[in-house]
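Chemist: What follows is a structure written as structure tokens; I'll ask about it next.
The values are calculated or read from the model by the stated rules, or taken from the named source; none is laboratory data. Note that this is a predicted model, so its numbers are computed, not measured. Cβ placement follows ideal geometry from the backbone for every residue including glycine, while neighbour counts extend to all protein chains displayed. Only protein heavy atoms, including side chains, enter the accessible area calculation; ligands, DNA and RNA are left aside. Shrake-Rupley method; radii C 1.70, N 1.55, O 1.52, S 1.80 Å.
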Amino acid sequence: MPLIINDIYPEKLFREDGKRLDGREKNELRPIKMEVGVISNADGSAYLEWGNNKIYAAVYGPREVHPHHLAKPDRGILRVFYRMATFSVFERKRPAPGRREKEISMIITDCLEPVLFLELYPGTAFEVFIEVMDADGGTRCASTTVAALALADAGVPMRSLVSSVAVGKIDGQLVTDLSGIEDKAGDADLPCAITWFNEELSLLQFDGDMSIEELNESLLNARNALDQIHQLQLTALKSKYTSILEEVEGGED
Ligand code: ADP
């Protein structure tokens with residue numbers, strides 16, 4: 001049964017036993033599964049399950065820019081298209097890309113650009129298509145994470161991966177990785193992303209209210225979660241090559 005009906009939220013976001021409604025501890029991530037090379041027609045791709053979020057990312061490029069007037073003579077461009085499927089949320093989402101999707105596409109572009117060597121690809125575009133099949137809070141962070149993985153799978157030279165997570169506050173307590181219901185009924189939501197080559201934040205949004213001390217602690221919580229997500233990304237990338245190696249070695253007998 002859906003937990004949110006007609007925007008009526010539960011009164012409490014913690015259970016009697018002190019755990020969150022989905023059984024997590026305050027700083028526990030939802031279960032995360034990642035896989036690369038999932039779309040055969042793309043130059044690179046990745047799939048991510050993050051709690052109830054299910055997201056595909058497909059990368060094409062460097063390739064010719066359409067429309068041509070968007071091309072830059074001295075550098076390549078990165079274009080990100082974030083879309084949510086009509087069936088991805090409880091109420092049917094309008095199929096046409098809305099303002100929210102355009103804004104999130106722009107945010108993800110800004111998160112990823114610093115790790116790319118766009119100056120080496122004048123006149124061309126890298127295009128990242130993100131399809132959210134199932135959404136349950138934190139899709140901009142999950143999409144950034146899976147898009148970075150798809151870029152790496154495409155063999156695009158990168159300074160590093162990018163990882164992203166939202167931290168925040170619900171029922172007065174600081175938590176990591178807000179679910180949809182925690183995002184809507186909670187006190188504060190702070191999506192952030194890190195570019196690992198310089199360990200700088202390439203995204204920091206803030207919605208809600210918290211004290212400066214809580215903000216500092218939230219950023220430390222984010223840092224811990226980002227480390228875990230980075231490891232999962234690296235494992236997903238390596239496992240593709242490990243399985244190719246096993247196939248080749250198996251075929252040598
Ligand atoms: P994010 O997914 O990055 O947290 P938002 O804060 O805008 O972005 O959205 C929070 C959650 O609200 C989404 O993950 C999704 O589950 C839900 N949501 C977003 N847009 C819609 C929509 N048009 N209809 C119903 N639910 C939506």
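Chemist: Kindly indicate whether any position in segment 181-189 is within 17 Å of the chain's Cα centre (by Cα), free of Cβ contacts under 8 Å to residues at least 60 places away in the same chain and not in a strand (DSSP E or B). Let's see the steps before the verdict.
Modeler: First pass over segment 181-189, keeping only residues within 17 Å of the chain's Cα centre (by Cα): 183, 189.
After this cut, where a residue has to be free of Cβ contacts under 8 Å to residues at least 60 places away in the same chain as well, the list is 183, 189.
Pick out the ones that are also not in a strand (DSSP E or B) and you get 183.
There is at least one residue in segment 181-189 that is within 17 Å of the chain's Cα centre (by Cα), free of Cβ contacts under 8 Å to residues at least 60 places away in the same chain and not in a strand (DSSP E or B).
Chemist: Return the residues of segment 83-100 that are within 9 Å of the ligand (Cβ to nearest atom) and either among the charged types (D, E, K, R) or modelled with pLDDT of 95 or more (or both); say none if nothing qualifies.
Modeler: M84, E91, R92, K93, R94, R100
Chemist: Sticking with this structure for a sec: Does any residue in segment 98-112 that is closer than 12 Å to V132 by Cβ come within less than 7 Å, Cβ to Cβ, of a residue that is open to solvent by 10 Å² or more (accessible area, probe 1.4 Å) and not hydrophobic (A, V, I, L, M, F, W, C) six or more places away or on a different chain, and which pairs are these?
Modeler: Once the first residue is closer than 12 Å to V132 by Cβ and sits in segment 98-112, its partners that are open to solvent by 10 Å² or more (accessible area, probe 1.4 Å) and not hydrophobic (A, V, I, L, M, F, W, C) give E101/R83; I104/R140; I108/R140.
Chemist: Suppose we keep only residues that are in contact (Cβ under 8 Å) with a residue 60 or more places away in the chain, touching a helix residue (DSSP H, G or I) at 6+ places or on another chain (Cβ under 7 Å) and among the hydroxyl-bearing types (S, T, Y) within segment 130-147. Which one would you say is farthest from K54 (Cα to Cα)?
Modeler: Going through the qualifying residues, I end up with T145.
Chemist: Name the single residue, out of those in segment 11-37 being open to solvent by 50 Å² or more (accessible area, probe 1.4 Å) and either in a strand (DSSP E or B) or in contact (Cβ under 8 Å) with a residue 60 or more places away in the chain (or both), that is farthest from Q228 (Cα to Cα).
Modeler: K12
Chemist: Condition (residue is away from the ligand (no atom under 16 Å from the Cβ), among the acidic types (D, E) and over 21 Å from K184 (Cα atoms)) applied to segment 120-130: is it met by at least one residue?
Modeler: Yes, there is a match, as at least one residue in segment 120-130 is away from the ligand (no atom under 16 Å from the Cβ), among the acidic types (D, E) and over 21 Å from K184 (Cα atoms).
Chemist: Moving on. Conditions: (1) touching a helix residue (DSSP H, G or I) at 6+ places or on another chain (Cβ under 9 Å); (2) open to solvent by less than 60 Å² (accessible area, probe 1.4 Å); (3) without any contact (Cβ under 8 Å) to a residue 24 or more places away in the chain. Y82 meets all but one. Number of the miss?
Modeler: Evaluating Y82 over (1) touching a helix residue (DSSP H, G or I) at 6+ places or on another chain (Cβ under 9 Å); (2) open to solvent by less than 60 Å² (accessible area, probe 1.4 Å); (3) without any contact (Cβ under 8 Å) to a residue 24 or more places away in the chain leaves (3) as the failure.
Chemist: From the list L174, L149, L201, L178, which residue is assigned to a strand (DSSP E or B) and within 16 Å of the chain's Cα centre (by Cα)?
Modeler: Sole residue among the options that is assigned to a strand (DSSP E or B) and within 16 Å of the chain's Cα centre (by Cα): L201.
Chemist: Looking at D171, D183, can you tell me which residue is on the phi > 0 side of the Ramachandran plot and touching a strand residue (DSSP E or B) at 6+ places or on another chain (Cβ under 6 Å)?
Modeler: Working: D183 fails: on the phi > 0 side of the Ramachandran plot.
Selected residue: D171, the only one of D171, D183 that is on the phi > 0 side of the Ramachandran plot and touching a strand residue (DSSP E or B) at 6+ places or on another chain (Cβ under 6 Å).
Chemist: What is the one condition in (1) farther than 23 Å from P157 by Cα; (2) under 20 Å from the mean Cα position of the chain (by Cα); (3) in a loop (DSSP other than H, G, I, E, B) that M210 does not satisfy?
Modeler: So M210 meets the others, but not (2).
Chemist: A follow-up question, please. From the list A71, A58, which one is open to solvent by less than 70 Å² (accessible area, probe 1.4 Å), touching a residue at least 12 places away in the same chain (Cβ under 8 Å) and over 18 Å from the mean Cα position of the chain (by Cα)?
Modeler: Selected residue: A71, the only one of A71, A58 that is open to solvent by less than 70 Å² (accessible area, probe 1.4 Å), touching a residue at least 12 places away in the same chain (Cβ under 8 Å) and over 18 Å from the mean Cα position of the chain (by Cα).
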